[in-house]
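Here's the structure we're looking at; comments come further down.
The values are calculated or read from the model by the stated rules, or taken from the named source; none is laboratory data. Because the structure is predicted, anything quoted here is derived from the model rather than measured. Note that we place each Cβ from the backbone using ideal geometry, even for glycine, and neighbour counts take in every protein chain shown. Accessible surface areas use protein heavy atoms only, side chains included; no ligands, DNA or RNA. Shrake-Rupley method; radii C 1.70, N 1.55, O 1.52, S 1.80 Å.
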Amino acid sequence: MRAWLDQHFGMRVRYAEPLSRHTSFRVGGPADAWVEVSSAAEILGLQRAAADSGAPLSVLGIGTNVLVSDHGVRGVVVKLGGALGRLEWQAEGERVLVRAGAAAPFKKLVTDAARRGLAGLEFAEGIPGSIGGGLLMNAGAFGGEISNVVTGIVGVAPDTGERHLSRAELRFGYRRFDLPSNLIVTRVDFALVPGDPTAIQASMADAKRRRDAKQPLGWPNAGSIFKNPPGEYAGRLIEAAGLKGHRVGDAMVSEQHANFIVNVGSATAADVKRLMEEVADTVWRARAVRLEPEIKLIGEWEAE
Ligand SMILES: Cc1cc2nc3c(=O)[nH]c(=O)nc-3n(C[C@H](O)[C@H](O)[C@H](O)COP(=O)(O)OP(=O)(O)OC[C@H]3O[C@@H](n4cnc5c(N)ncnc54)[C@H](O)[C@@H]3O)c2cc1C
C-alpha cells in the first residue's frame, strides 16, 4: 500500500501523522497514513487499492466531533480537500439549489447563504466542521438540523463507484445519519429559499449570542459530548449530578456548560474517555438515565 500511496499521492501522503493536529480536542495518536484527496476519482482509486491490500480506510472531516484514540488509527485516513470544497449556487424557480463539496466548511455555506439573502441555515450559525461531517452528524442547533434542507448527496464506494442518493433514500435521526456502507460523501445538495435579509441576520445574531453565552470556547473541545436523552438535556443532568469541574488528568467537565469536556492542558484520549465513563456512570446512578455519546470514538481502543 505504501508504494501505491507514494506513487499516486506523492507529497499529499504523510505517514505516522499525529491526529491531535487534526482534531478540535487536540488529542489523538497517529494515523498510519494520512492522505489528502481532491476528487471523487482519487477517492475511488484509494478505496479500491485499500480493499485490494486489506488496509482499513477511514475519513475525517475537520475533526470537531471526534475523539481519536491515543493509539491512533490503523490504515489510511482520508482528508477531503481541493475541488471537493467548492460551493455551486443555482436558481431553480422559487428556490436556490446549492451543490456543496463535502470538504467545504459548514460556516462558509451558512455565511454565503445569509449574504445572498437565503433562509434555512440560520440555526447553524457557529457550528464548526465540514459539510460532510455536518451531514454525518445531522448537525443541528436551536430546533433546526441539516436534514431539513438537504435534497440529496453524492458519494463514492469501492463496489458501486460514484452514487447519487435522493432525499427519499437518506435516513436521518437525532444527531445521526445512516451512511450507506463504505460510502465516502463527496457532495451534499441543499435547497434554500429567499428570505428577509434583516430577519436572517437577526436570527443568526441571536444564535451567536446564545452560543457565546453558554459554550466554553477558550479550551479545546469537541462540542456536546452526549446526546440529549428524550425530554431532557444532558448538560442539566450532568450539572445536577455535581460534575462541573470534575477532572480526569487534564480532561475536565466544563464549568460553563456541563455537556462539554475541555482539554485544559495535555489531556489524553484515555483521560477524556475515562471522564466520559465516570460522568455516564454517575448520571446513571443518580437518575437512571443512560447518556449516549454524541461524539464519535475513532481508532484503536482495545489497549486503553
Ligand atoms: C465548539 C463546538 C461547538 C459545536 N456545536 C455544535 C452544534 O451546535 N450542533 C452540532 O450538531 N454539532 C456541534 N458541534 C460538533 C461538530 O462541529 C459537528 O458535528 C460537525 O458537523 C462535525 O463536522 P466535522 O467536519 O468536524 O466532522 P468530523 O468530526 O471530522 O467527523 C465526524 C464524523 O463524520 C464522518 N465524516 C466526515 N466527513 C465525511 C465524509 N465526507 N464522508 C463520510 N463520512 C464523513 C467522520 O468519519 C466521523 O465519523 C460542535 C463542535 C464544537 C467543537
Lone qualifier among Leu136, Leu217, Leu179 - being free of Cβ contacts under 8 Å to residues at least 24 places away in the same chain, within 18 Å of the chain's Cα centre (by Cα) and not in a strand (DSSP E or B): Leu217
Members of the stretch 71-95 found to be within 19 Å of the chain's Cα centre (by Cα), more than 22 Å from Arg187 (Cα to Cα) and part of a loop (DSSP other than H, G, I, E, B), listed by number: Gly72
Breaking point among (1) more than 8 Å from the ligand (Cβ to nearest atom); (2) within 26 Å of Pro180 (Cα to Cα); (3) in contact with a Pro (Cβ under 9 Å, 6 or more places away or on another chain), for Gly144: (3)
Inter-residue pairs, beta-carbon under 7 Å, first more than 10 Å from Pro105 (Cα to Cα) and touching a residue at least 24 places away in the same chain (Cβ under 8 Å) and in the stretch 80-93, second assigned to a strand (DSSP E or B) and open to solvent by 30 Å² or more (accessible area, probe 1.4 Å), 6+ apart: Gly81/Glu36
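Quick one: is Lys273 among the charged types (D, E, K, R) and within 22 Å of Arg21 (Cβ to Cβ)? I'd like the intermediate steps shown before the answer.
Working: among the charged types (D, E, K, R): yes; within 22 Å of Arg21 (Cβ to Cβ): yes.
Taking the combined requirement at face value, the residue satisfies it.
Condition first: among the small types (Gly, Ala, Ser) and part of a strand (DSSP E or B). Now tell me which residues in the stretch 182-206 satisfy that. Spell out how you get there, then give the answer.
Of the stretch 182-206, the ones among the small types (Gly, Ala, Ser) are 191, 195, 199, 202-203, 205.
Correct list: Ala191 only.
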Matching residues, the stretch 247-296, being open to solvent by 70 Å² or more (accessible area, probe 1.4 Å) and within 13 Å of the ligand (Cβ to nearest atom): Gln256, Lys296
